[in-house]
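The values are calculated or read from the model by the stated rules, or taken from the named source; none is laboratory data. This structure is a prediction, so every number in the text was calculated from the model and none was measured. Cβ coordinates were reconstructed from backbone atoms using ideal geometry, including for glycine residues, and neighbour counts include every protein chain displayed. The area values use the complete protein model at the heavy-atom level, side chains included, leaving out ligands, DNA and RNA. Shrake-Rupley method; radii C 1.70, N 1.55, O 1.52, S 1.80 Å.
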Amino acid sequence: MKRLWQFLILSWTALMYLPAHADVVGGIDFPRILGGFELRSVIDNEKSNPGLGLTLFYSTPGGKVSVFVYNNSERNIPEGIDSNIIHNEFIRARGNVQQAYPDAQILVREDRLLVAGVPILESAFQYTEIGLASRDTVLSHLYLTARKGNFVKVRATYSATDRPELGRRIQMQFIEALCQILAK
């Protein structure tokens with residue numbers, strides 16, 4: 001009987017450390033904890049805006065990340081970053097950031113990265129984010145790739161004035177963890 005209890009306790013403990021999954025979005029299994037960030041919400045944009053897929057919001061102290069998985073009603077979106085479809089979507093996404101934040105300064109216009117074997121495009125901005133009771137200068141990174149017939153766009157934002165080196169490091173942890181999932 002003692003061995004049975006030990007087995008049950010060990011099994012329960014092991015289950016506690018398995019990642020809980022939010023859902024499979026666009027054929028990608030998103031966990032509740034990803035790169036130290038906790039999933040806060042999932043929004044289904046398809047109901048009101050067909051083609052805009054789902055948005056997943058993750059946060060951690062010092063940073064927030066939005067992941068958009070969508071197809072923009074495009075068919076046959078090629079994997080990776082080398083097609084005109086992907087490049088045009090990246091230009092559109094970069095323009096959306098500049099439209100939403102007119103004071104945005106582009107720090108990196110376009111960079112090509114390979115993270116965990118996944119090619120991604122990156123752009124970086126600095127702008128003022130105005131909240132309900134605060135105003136903060138932030139750094140924001142835009143990432144885009146295509147996987148499983150969808151665009152996967154990420155916006156990672158953190159303070160430019162309160163330990164930005166830590167913000168950069170934790171958002172890169174998220175991107176690395178996400179790319180490990182995308183590489184599967």
Quiz item: Using 0.36 nm per residue, how much length does the chain from Ser66 to Glu38 gain when fully extended, once their Cα-Cα distance is taken away?
Solution: 8.9 nm
Quiz prompt | Highest-MSF residue in the chain out of Ala146, Ala100, Ala124 [GNM, Cα springs under 10 Å] | solution = Ala100
Practice problem: With Cα Rg over 2.2 N^0.38 Å defined as stated, name the option among [x] 1.32; [y] 1.05; [z] 1.15 computed from the structure displayed. | Solution: [z]
Quiz prompt | Gln98 paired with Asp111, simple spin-label distance in nm, labels 7 Å along Cα-to-beta-carbon | solution = 1.9
Self-check item: Under Karplus coefficients 6.51, -1.76 and 1.60, residue-wise ³J(HN,Hα) of region 78-90 in Hz, glycine/proline x
Solution: x, 5, x, 9, 8, 9, 5, 4, 5, 4, 5, 5, 5
Quiz item: Any idea what angle helix 164-182 forms with the longest principal axis of the chain, computed on alpha-carbon atoms, 0 to 90 degrees, nearest 10?
Solution: 70
Quiz item: Highest mean first, what order results for 51-62, 103-114, 168-179 on Cβ atoms within 10 Å?
Solution: 168-179, 51-62, 103-114
Quiz prompt | Protection proxy ranking of 75-81, 36-42 - average other beta-carbon atoms within 10 Å, highest first | solution = 36-42, 75-81
Quiz prompt | Point-to-point label distance, Lys47-His87, nm (Cα→Cβ direction, 7 Å offset) | solution = 3.9
Quiz item: Which percent of the accessible area of the chain is formed by carbon and sulfur heavy atoms (probe 1.4 angstrom)?
Solution: 54
